Structures are given as C-alpha cells and as structure tokens.
Amino acid sequence: MTCAKNIAVLVSGGGTNLQALLDAERENRLGGGKIVCVISSKPGVYALKRAEEAGIPGETLPSRKSGEDVDAALLALLERHEIDLVVLAGFLSILGEKVTAAYSNRIINVHPALIPSFCGKGYYGLHVHEAALAYGVKITGATVHLVNEVVDGGAIILQGAVDVLEDDTPETLQRRVMEQAEWKLLPRAVALFCEDRLQVDGRRVKILPGQ
C-alpha cells in the first residue's frame, strides 16, 4: 500500500495544465496524490485563481530581479508544505541546481514537443510550435520528463504524438497538443509517480505494472 503523496504545482500563467491536474484529482485519477499548494513565478496569474477556486493555497515566488534567493524561497515553501512531488505545469522559470538536487527524480515537467526535438533554452510556449511549423515536421506532440540541471534534459516518462495539419498556425497547433497530449499525459505521469510505478535507471524510466 503506497502512502498519499503531497504535490506542489508550479505555474507561470493561465494554468490549463494545472486545471487538467485538478480535474484528475477530483476524478481520483492522480494515484492518490493530493495537490496541496500552487506556486507561481508571477503574481496575479489566472492559475492562482484556479487554485483559490479549488481551495488550494497559492504562493508567489519573489522576482529574480528582486535580489532575493528565489531557489531558497522555493525550497522553503516546498518544505513547509511537506512536498513529495513537484510538477512544472507551464512554469517558465528555470530551477536552480539547489532545487533539482534536493528533489532529484521528484520533479516532473510537461514540454509541448517530442524531446529531443524543439527543446532546451528558449523553447517554451508558442516558440516551440513556431519552430515545429518552420521546420516542417508532420508529427509533433508532448513529453513528460523528469527535471535535472539541464533544461529539458531529464529522463523521459511519457510521450504522445500529435499530427501537424497543413493549415496549422502556432496557436491552433498549441491548442491541439494541449488537448490531445499534455492534458492526458501529465495527470497519468503524476499518477504513476504517486503509485510508486516509476523506476529510474539513468536515462531510462521503466513503468512498473500496477497492483
């Protein structure tokens, strides 16, 4: 019998992936995991409103321009909420090595492309879909991966493919990747973690059978 895991969701904007997680928890699809706080890199974003409406505490990190130690502030929040799993759901701030080391193999991120394509520094949001269309790929998708000190460089947990259509714009492609891949893969990956079904061996993540 696995113990329930406390989850922190890190956000920077509207929180559509957060909403997918909130919906999954409400439908008992997070493997017993419980979202206990939502942490934003910016004040006033709609994701914090989603957290408030769900009765979940919302926190805002200090700006990196403030001179404060943002990583220390984040670690303090994670410790205070007794976090087992950190989920980056549209979080646009790069985590420092103090954080990735403290939560090794306990941070997951969703990226809107099939890593190792269109990933790394500068590839976020619409930029990813603009690059995919400019390159002329026929298939794109989303990846849920573990987070380490390399941007988008951690071991892959799940991937899902999405067709690129002839008349796609970055906006239409972004929406379809979210609907067909991100919103499905992220809750599933969280559930697998919460059920202790992820076995990490270097760059490979093995999914163990369920009970």
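Would you check which residues across the range 126-150 are surrounded by 13 or more Cβ atoms within 10 Å (Cβ to Cβ) and hydrophobic (A, V, I, L, M, F, W, C) and list them? Lay out the reasoning, then the answer.
Kept after step one, since they are surrounded by 13 or more Cβ atoms within 10 Å (Cβ to Cβ), are these residues of the range 126-150: 126-133, 137, 140-149.
Residues satisfying the conditions are 126, 128, 131, 132, 133, 137, 142, 144, 146, 147.
Where residues in the range 1-24 are out of contact with any strand residue (DSSP E or B) (no Cβ under 9 Å at 6 or more places or on another chain) and β-branched (Val, Ile, Thr), which of them is nearest to residue 174 (Cα to Cα)?
Step one: filter the range 1-24 for residues out of contact with any strand residue (DSSP E or B) (no Cβ under 9 Å at 6 or more places or on another chain), giving 1-3, 14, 16, 19-20, 23-24.
With β-branched (Val, Ile, Thr) added as a condition, the list becomes 2, 16.
Values: 2: 36, 16: 12 Å.
Here the answer is 16.
Residue 110 falls short on exactly one of the conditions (1) touching a helix residue (DSSP H, G or I) at 6+ places or on another chain (Cβ under 9 Å); (2) over 19 Å from residue 168 (Cβ atoms); (3) open to solvent by 20 Å² or more (accessible area, probe 1.4 Å); (4) at pLDDT 95 or above, and that condition is (3). With respect to the conditions (1) of a type in the set (Asp, Glu); (2) surrounded by 13 or more Cβ atoms within 10 Å (Cβ to Cβ); (3) touching a residue at least 60 places away in the same chain (Cβ under 8 Å), residue 82 falls short on a single one, namely (2).
Residue 62 satisfies every condition listed in (1) outside any helix (DSSP H, G or I); (2) without any contact (Cβ under 8 Å) to a residue 24 or more places away in the chain; (3) touching a Pro at 6+ places or on another chain (Cβ under 7 Å) except (3).
Checking each residue in the range 98-120 for being more than 16 Å from the chain's Cα centre (by Cα) and farther than 16 Å from residue 159 by Cα picks out 98, 101, 102. When you scan the range 82-96, do you find a residue that is part of a loop (DSSP other than H, G, I, E, B), farther than 24 Å from residue 183 by Cβ, modelled with pLDDT of 95 or more and over 13 Å from the mean Cα position of the chain (by Cα), even just one? Checked against the condition, which is being part of a loop (DSSP other than H, G, I, E, B), farther than 24 Å from residue 183 by Cβ, modelled with pLDDT of 95 or more and over 13 Å from the mean Cα position of the chain (by Cα), the range 82-96 yields at least one hit.
The values are calculated or read from the model by the stated rules, or taken from the named source; none is laboratory data. Everything quoted here is computed from the prediction, not taken from an experiment. Positions of Cβ are generated from backbone atoms using ideal geometry, with glycine treated the same way; all protein chains shown enter the neighbour counts. Heads up: the accessible areas ignore ligands, DNA and RNA and are worked out on the full protein's heavy atoms, side chains in. Shrake-Rupley method; radii C 1.70, N 1.55, O 1.52, S 1.80 Å.
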